[in-house]
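Novice: Here it is: the structure, laid out below.
Just so you know, all these numbers are worked out from the coordinates, no wet-lab data involved. Predicted model, so just to flag it, every value in this text is computed and none were measured. Cβ sites come from the backbone with ideal geometry, for glycine too, and all protein chains shown count toward neighbours.
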Amino acid sequence: MTNKIVISIDAMGGENAPAKCIEGVALFIKKNKSNDFIIQLHGEEENIISELKKNNIYKHDQIEIFKASSVVSDEDTPLTAIKNSKDSSMWNAIEAQTKKNADISLSAGNTGVMLVISRMILKMIDSVKKPALAALWPNEKGFNVVLDLGANVECDENNLVEFAEMGAALFKSIFPNEEPKTALLNIGSEEMKGTETLKKAFQKLDIVSQKNIFKFNGYIEPNKITYGESNVIVTDGFTGNISLKTAEGTAKFITDNLKKYLLSSWLSKFSLIFSYFSLKKFKERLDPRRFNGAIFLGLNGPVVKSHGATDSLGFYYSIDLCYKIVRGDLMKKIKANLNE
């Protein structure tokens, strides 16, 4: 790692790019007053420069621009990515970790293609059999790290143990003053419940936790994820992806209906005057932009996937996540945990 944190960004990925990406960069520079980072922007040079000028950060001494010849689209498949994505903004942003001293890569582009490219360029950590997709979820005490969220439909007990070790490292790198407390997602908290894979993973995690790299809290039921008693939630990609989409749908249902009924009559509208600040805090707490950014774990370098439909504020939070991950020395922590 260089003296400065180098964040390599695919400026062309996702909806409304590069505008939202550059606006997110401008917001990050405004909020982060330190001089310890460099932002590398990969994509269509003229468009990037135009957006930088709009945001008054053109020729900023913490920004570097790298021209790319193409852009990965949402319609591209992993197969076409292997054939056609070289010298794309996404490819170059990830390859920057091996060729331009970047510490981490970020894109809001095609998830499947991004995972394939990341594995091709960065390769897997030798001892890790499968990558995991991790993300932050809010809980009553702060945030959870939840993984896997869709990279692997099927996992064995050894994969789940690796996920726990990598998830604990990720949590510690983002929240250095907190203890990782790991739990396996299951249909019940009793030891006799669940699949054979979960039971075997339970036994192994109980042993691994004695190395003091994390506290193991056993099983956790889905309705207790938000309690905060455990902050690293481990599951396979099939279950994790269903849980993620269920949580997103439920949050949207609650906020949409709350808004609907609060505006349904003049009396309810009048009551908003007295509850405005409480409702504002409620909205901010559930705002998905605040925890935008999923992390590919298990590779020889960290890669963050921003939600493609997020806005500039959401993209800012994904840049800030990248900064925290590198500052927290994630890769060193992952390898230390795996070595245990």
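Novice: Calculate, in nm to one decimal, what Lys252 and Lys53 gain on full extension: separation in residues at 0.36 nm each, minus their alpha carbon distance.
Specialist: Extra length from Lys252 to Lys53 when fully extended: 68.1 nm.
Novice: Using the beta-carbon distance between Asp206 and Glu46 and R0 = 45 Å, what value does 1/(1 + (r/R0)^6) give for FRET efficiency, to the nearest 0.05?
Specialist: 0.20
Novice: Between the range 118-143 and the range 226-290, what is the separation of their alpha carbon centroids in Å?
Specialist: If you average the Cα positions of each part, the centres end up 25 Å apart.
Novice: So how do His60, His42 line up by other beta-carbon neighbours within 10 Å, fewest first?
Specialist: Least crowded to most crowded, the residues run His60, His42.
Novice: Listing Tyr261, Tyr316, Tyr58 from the residue with the fewest other Cβ atoms within 10 Å to the one with the most, what is the order?
Specialist: Result, fewest neighbours first: Tyr261, Tyr58, Tyr316.
Novice: Another question, if that's okay. For the chain, what proportion of DSSP beta bridges, expressed in % and rounded to the nearest 5, is antiparallel?
Specialist: DSSP beta bridges in the chain are roughly 35 percent antiparallel.
Novice: Another one. Taking the number of other C-beta atoms within 10 Å as the exposure measure, put Glu64, Glu284 in order starting with the fewest.
Specialist: Going from sparsest to densest Cβ surroundings: Glu284, Glu64.
Novice: Still on this structure: Which FRET efficiency value, to the nearest 0.05, do you get for Lys67 and Lys129 by plugging their Cβ-Cβ distance into 1/(1 + (r/R0)^6) with R0 = 41 Å?
Specialist: 0.65
Novice: Along the charge dipole of the chain, which of Phe214, Phe291, Val303 sits closest to the positive end, that is, farthest toward it, with unit charges on the beta carbon of Lys, Arg, Asp and Glu (+1, +1, -1, -1)?
Specialist: Looking along the dipole axis, the top candidate is Phe291.
Novice: Which percent, to the nearest 5, of DSSP beta bridges fully inside the range 1-148 are antiparallel?
Specialist: Counting DSSP beta bridges with both partners in the range 1-148, the antiparallel share is about 30 percent.
Novice: Can you list the lysines whose alpha carbon sits under 20 Å from that of Lys86, skipping same-chain ones fewer than 8 residues off?
Specialist: Cα-Cα hits under 20 Å: Lys67, Lys99, Lys100, Lys123, Lys305.
Novice: Between Glu229 and Thr98, what is 0.36 nm times their sequence separation minus the Cα-Cα distance? Round to one decimal in nm.
Specialist: 43.3 nm
Novice: Follow-up. Under a cut-off of 15 Å between alpha-carbon atoms, report the aspartates and glutamates in cross-link reach of Lys281, not counting same-chain residues fewer than 8 places apart.
Specialist: Qualifying aspartates and glutamates at Cα under 15 Å: Glu140.
Novice: Moving on to the next point. Is the C-alpha gyration tensor of the range 1-133 telling us rounded, prolate or oblate? Criteria: a/c under 1.5 is rounded; beyond that, a/b larger than b/c is prolate, otherwise oblate.
Specialist: Verdict is oblate for the range 1-133.
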